[in-house]
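The values are calculated or read from the model by the stated rules, or taken from the named source; none is laboratory data. Owing to the predicted nature of the structure, the values given are computational and were not obtained by experimental measurement. Neighbour counts are summed over all protein chains in view; Cβ atoms, including those assigned to glycine, are modelled from backbone coordinates with ideal geometry. Just so you know, the surface numbers come from the protein's heavy atoms only, side chains and all, with ligands and any DNA or RNA stripped out. Shrake-Rupley method; radii C 1.70, N 1.55, O 1.52, S 1.80 Å.
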Amino acid sequence: MAYKIIDKCIMCAKCEHICPLGAISLSPMQYEINPRKCNECKGIDEGPLCVMVCPVDVIIKREKNDKE
């Protein structure tokens, strides 16, 4: 299902640097997670690395009806 970054992001870039698949990038307005690249860090026991490093908890699971 992948994750997304909501608009309360403080632009710290910690998530971008830790993503092993390069699924996170800076768009003109905020960081975004490419749902086609994100595999929710499957195989990593701790879970999604971006969620773990986010200091403001703005990375959340996408809903089925979310736009890409």
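Would you look at the GNM of the chain, springs on alpha carbons closer than 10 Å, and say which of Met29, Met52, Met11 moves the most?
Met29
What is the mean projected area of the alpha carbon convex hull for the chain, to one decimal in square nanometres?
Averaging across all directions leaves 4.3 nm² for the Cα convex hull.
Kindly provide the trypsin sites (Lys or Arg not before Pro) of the range 22-68 that DSSP labels as loop, not H, G, I, E or B, and whose Cβ sees at most 13 other Cβ atoms within 10 Å.
Listed in order of number, the matching sites are Arg36, Lys37, Lys42, Lys64, Lys67.
Which one of Cys15, Cys41, Cys50 has the biggest mean-square fluctuation once the chain is modelled by GNM with Cα springs under 10 Å?
Of Cys15, Cys41, Cys50, the Gaussian network model singles out Cys41 as fluctuating most.
Can you send over the carbon and sulfur percentage of the accessible area for the chain, probe radius 1.4 Å, protein chains only?
That share works out to 52 percent.
Quote the relative contact order of the chain in percent (integer), defining contacts as alpha-carbon pairs under 8 Å separated by 6+ residues.
Computed value for the chain: 44 percent relative contact order.
Tell me, what is the per residue accessible area of the chain in Å², probe radius 1.4 Å?
Accessible area per residue, the chain: 70 Å².
For the chain, what does -39500 (n - 2.57) per DSSP helix run (n ≥ 4), summed and divided by total residues, give at 222 nm, in deg cm²/dmol to the nearest 500?
-3000 deg cm²/dmol
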